[in-house]
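**Student:** Mind looking over this structure? Questions follow.
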Amino acid sequence: MKRRNLFRTAAALALTAAVAVTPAFAQETFTLKMAETWGPNFPIFGDTTKSMAEMVEKMSNGRLKIRIDSANRHKAPLGVFDMVKAGQYDMGHSASYYWKGKVPNTLYFTSMPFGMNAQEQYAWFYHGGGMELMQEVYDEHNMLSFPGGNTGNQMGGWFRNEIKTLDDLKGLKMRIPGFAGEVFAEVGVNPTNIAPGELYTALERGTIDALEWVGPALDLRLGFHQIADYYYTGWHEPATELQFLINKGVWEKLPADLQEILRVAMRTAAYDMLTHSVHENSKAWASIQKDYPNVQVKTFPDEIFEAMVEANTRVLAKAAEGDEQAQRIIQSQEDYLRDARAYTNISERAYLNTMAELE
Ligand code: CA
């Protein structure tokens, strides 16, 4: 009698437990469609979306899947903002500064000339109020935006002729998009934007005199080192952060645990793109040095940087004019950069300087 009671109790408990771990929603699965700006199998950027999708599927035990459409499928590499906003796609992977012509204050969440490096900018995003400001901008457009992977400091670009004075920049035709293009225009450069597929030919035929793309790993694939000898160090995109976009209605339909899995996978994939970029750029640079001794790394002279820093301040002030939100974002970045850089100076920079002296 006693044994039978025990058995019954155990069976009842087992049943209760089974009910508790399998509530109705746990069975529900979701497949989100994501449009990426990049072509299929685009190195580094495309690896980031794939690894994010794999993490999500594994961590959710298959309850959340992400189907990625590259640019060859959706045919609108720079239409990602509109497609996710309208719900045509649930998610997107792109770069916030591509939308500055549509929504000017999206500009500030990729990388700013003379701004924070990747380490400082991640600190700003995750701990210094950057995420909140970015979300404030995207809230009005029915989307959530998250950091989507960092290229690290980008190279200043490939020049066919050496730049020795400010005069050498006057009338120079250069592919350099975004805010940096506006800054360059202030010092006499004729900036233009050209699709990646046409960059090599444009430089080879002299349609442009110089171009910037990303850094050794992605530049090497496009062959610029074969036609330009001068590879300048960067100033214009010190920490280019890509972005994950999610339609707000889609996000709100996900149960809390899947939201958290997605959030963690995006954050992990984003940060991992920075380490992946460092790895691929180091390998590519070693191979350029070995196989293309014609390539010389240069840094613009001080007079050019001084003029560009002034131009940058002027262009920023113009962007902030009469725009309270832009003023708050710019101020937040300026304040954060000041304190973070003071610390970088006594830590990373001091260490690198010490090492440079020992070389
Ligand atoms: Ca670039």
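**Student:** Between Q243 and residues 5 or more places away or on another chain, which pairs have amide H atoms under 5 Å apart, with H built 1.01 Å from N, and which residues are they?
**Tutor:** S94, A95, S96, G148
**Student:** Ok, one more. Counting only heavy atoms of protein chains, what accessible area per residue, in Å², does the chain have with a probe of 1.4 Å?
**Tutor:** Details: 17820 Å² over 359 residues.
Accessible area per residue: 50 Å².
**Student:** Excluding F244 itself, what net charge comes from residues whose Cβ is under 12 Å from its Cβ, given Lys and Arg +1 and Asp and Glu -1? Display every interim value, and only then the final one.
**Tutor:** Numbers: positive: R263, R267; negative: E36, D90, E241.
My count for the surroundings of F244 gives -1.
**Student:** Give a residue-ordered list of calculated ³J(HN,Hα) values for segment 265-278 (Karplus: 6.51 cos²θ - 1.76 cosθ + 1.60, θ = phi - 60°; whole Hz; x for Gly, Pro).
**Tutor:** Result, ordered by residue: 5, 5, 5, 5, 5, 4, 5, 5, 5, 5, 5, 5, 4, 4 Hz.
**Student:** Okay, next question. Which residue, Q88, F30, A356, has the largest displacement toward the positive end of the dipole of the chain when charges sit on each Cβ (Lys, Arg +1; Asp, Glu -1)?
**Tutor:** About the Cα centre, the residue reaching furthest to the positive side is F30.
**Student:** Please give the charge dipole size of the chain, origin at the Cα centre, charges +1 on K and R Cβ atoms and -1 on D and E Cβ atoms. Round to the nearest 20 debye.
**Tutor:** Working: 35 positive and 45 negative charges, 442 e Å.
For the chain, the charge dipole is close to 2120 debye.
**Student:** Return one number: the angle in degrees, 0 to 90 and rounded to the nearest 10, between the long axis of the Cα atoms of helix 45-59 and the longest principal axis of the Cα atoms of the chain.
**Tutor:** The angle comes out near 10 degrees.
**Student:** If you don't mind, there's one more thing I want to ask. With unit charges on the beta carbons (Lys and Arg positive, Asp and Glu negative) and the dipole taken about the Cα centre of the chain, which residue among A180, P147, L199 sits farthest to the positive side?
**Tutor:** Farthest along the dipole direction, towards plus: P147.
**Student:** What are the ³J(HN,Hα) values, in whole Hz, obtained from phi via the Karplus relation 6.51 cos²θ - 1.76 cosθ + 1.60 with θ = phi - 60°, for each residue of segment 144-157 in sequence order, with x given for Gly and Pro?
**Tutor:** In residue order, the calculated couplings are 10, 10, 10, x, x, x, 10, 7, x, 4, 7, 6, x, x Hz.
**Student:** Next question, about the same structure. Could you run the Karplus curve 6.51 cos²θ - 1.76 cosθ + 1.60 with θ = phi - 60° over segment 164-169 and give me ³J(HN,Hα) per residue in whole Hz, x for Gly and Pro?
**Tutor:** 3J(HN,Hα) across segment 164-169, in whole Hz: 9, 9, 4, 4, 5, 8.
**Student:** Can I ask one more? May I ask you to give the percent of accessible area on segment 60-149 that is carbon plus sulfur, with a probe radius of 1.4 Å? Provide the component values of the computation, followed by the final result.
**Tutor:** Numbers: 1660 of 3350 Å².
Here carbon and sulfur together make up 50 percent of the probe-accessible area.
**Student:** Ok, one more. For the chain, what is Rg from Cα atoms divided by 2.2 N^0.38 Å, rounded to two decimals? Let's see the in-between values first.
**Tutor:** Details: Rg = 24.2 Å, N = 359, 2.2 N^0.38 = 20.6 Å.
Computed over Cα atoms of the chain, the ratio equals 1.17.
**Student:** For segment 200-359, how big is the tail of P(r) above 19 Å, as a whole percent of Cα pairs?
**Tutor:** Summing the P(r) tail past 19 Å for segment 200-359 gives 74 percent.
**Student:** Moving on to the next point. Rounded to whole Å, give me the distance from the Cα center of segment 316-352 to that of segment 165-190.
**Tutor:** What the calculation gives is 23 Å, centre to centre.
**Student:** List every residue whose amide H lies under 5 Å from the amide H of F30, counting only residues 5 or more places away in sequence or on a different chain, with H placed 1.01 Å from N in the peptide plane.
**Tutor:** L64, K65
**Student:** Enumerate the amide H contacts of F300 below 5 Å, restricted to partners 5 or more residues apart or on another chain; note that Pro and chain-start residues carry no placed amide H.
**Tutor:** For F300, whose amide H was placed from the backbone, the distant partners under 5 Å are T233.
**Student:** Apply 1/(1 + (r/R0)^6) to the Cβ-Cβ distance of T201 and N161, taking R0 = 25 Å, and write down the FRET efficiency to the nearest 0.05. Spell out each step's value before the answer.
**Tutor:** On the way: r = 19 Å, r/R0 = 0.75.
Rounded to the nearest 0.05, the efficiency is 0.85.
**Student:** Which of K33, K290, K173 ends up with the largest GNM mean-square fluctuation for the chain, with Cα atoms connected below 10 Å?
**Tutor:** Judging by the Gaussian network model, the answer is K290.
The values are calculated or read from the model by the stated rules, or taken from the named source; none is laboratory data. Everything quoted here is computed from the prediction, not taken from an experiment. Neighbour counts are summed over all protein chains in view; Cβ atoms, including those assigned to glycine, are modelled from backbone coordinates with ideal geometry. To get the accessible areas, we keep the full protein, side chains included, count just its heavy atoms, and leave off ligands, DNA and RNA. Shrake-Rupley method; radii C 1.70, N 1.55, O 1.52, S 1.80 Å.
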